[in-house]
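The values are calculated or read from the model by the stated rules, or taken from the named source; none is laboratory data. Just so we're clear, the structure is a prediction, and the values are computed from it rather than from any experiment. Heads up, the Cβs are rebuilt from the backbone with ideal geometry, glycines too, and the neighbour counts pull from every protein chain shown.
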Ligand SMILES: Cc1cc2nc3c(=O)[nH]c(=O)nc-3n(C[C@H](O)[C@H](O)[C@H](O)COP(=O)(O)O)c2cc1C
């Protein structure tokens, strides 16, 4: 899937209304926060998002990796990231609830950039990292016409690169910080591989566009079946079992 949506949405107030209406219902609610493309002070957009949505979120995501908001990914650079994360963490302290905060990164980063991000995440005590958003690269697309479409690529072609970046991030962050693996998960096997490469949790989007809303249930059944067959007490036992193999692949 290639998308170039940008953050088209009805804004904070409308989202808050919907979240307030479902409050108290079961389930994990992650709220991803972005910045307006025409904002004079993008960091303050994130601060306002944190304060407004903290009371409704099981966790918050600071998304600085969408390729569809011009310049957004520049916030991944060390100095900008340091300032953003400091102010986001201060906004959480000031908010009426303090959910965990995850930083969501792009797959199109080089080793030095990953090192900078890991250093800032550790320094600012961010709860975890989500690896990854869509890619501006076009790995494995057969049609040049399709590959030429503007936007971020997700789904199967993203699996390899996003899993390599995930494993490298796990190496840089050490064993204790939470990492959510995302990118090309469309089966129990691909979800399990994210865990083997270092993920504590797994997300998916494009897989569900193709396979429908029953996909997560099928993946969970497949994962439980695998855990039973292997006599695992927890999927945690699987974490990092292919870490070296994935982390040693070139970017
Ligand atoms: C249509 C579409 C819209 C997306 N919008 C957002 C977004 O607003 N915020 C965000 O953090 N990620 C967004 N993503 C990225 C996905 O959350 C996910 O990180 C990425 O697609 C890789 O996972 P997948 O291969 O399972 O889709 C979007 C992806 C798609 C396909």
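Tell me yes or no: at least one residue of the range 93-108 is at pLDDT below 95, within 27 Å of residue 138 (Cβ to Cβ) and surrounded by 16 or more Cβ atoms within 10 Å (Cβ to Cβ).
no
Counting just the residues of the range 178-195 that are away from the ligand (no atom under 14 Å from the Cβ) and touching a helix residue (DSSP H, G or I) at 6+ places or on another chain (Cβ under 7 Å), which one comes out farthest from residue 219 (Cα to Cα)?
195
What helices (runs of 4 or more DSSP H) completely inside the range 53-172 contain at least 2 residues that are touching a residue at least 12 places away in the same chain (Cβ under 8 Å)?
In the range 53-172, the matching helices (runs of 4 or more DSSP H) lie at 78-94, 111-123.
Taking residue 181, is it touching a strand residue (DSSP E or B) at 6+ places or on another chain (Cβ under 6 Å) and either under 20 Å from residue 128 (Cβ atoms) or assigned to a helix (DSSP H, G or I) (or both)?
Considered against the rule, which asks whether it is touching a strand residue (DSSP E or B) at 6+ places or on another chain (Cβ under 6 Å) and either under 20 Å from residue 128 (Cβ atoms) or assigned to a helix (DSSP H, G or I) (or both), residue 181 comes out as yes.
Take residue 198 and tell me if it is under 20 Å from residue 107 (Cβ atoms), away from the ligand (no atom under 15 Å from the Cβ), touching a strand residue (DSSP E or B) at 6+ places or on another chain (Cβ under 8 Å) and not in a helix (DSSP H, G or I).
In short, yes.
Can you tell me which of (1) at pLDDT 95 or above; (2) closer than 24 Å to residue 153 by Cβ is the one residue 56 doesn't meet?
Checking residue 56 against (1) at pLDDT 95 or above; (2) closer than 24 Å to residue 153 by Cβ, the one that fails is (2).
Listed here are the residues, each with its yes/no results for (1) in contact with a helix residue (DSSP H, G or I) (Cβ under 6 Å, 6 or more places away or on another chain); (2) under 26 Å from residue 205 (Cα atoms); (3) within 15 Å of the ligand (Cβ to nearest atom).
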site: 1; (1), (2), (3): yes, yes, yes
site: 4; (1), (2), (3): no, yes, yes
site: 49; (1), (2), (3): no, yes, yes
site: 69; (1), (2), (3): no, yes, yes
site: 80; (1), (2), (3): no, no, no
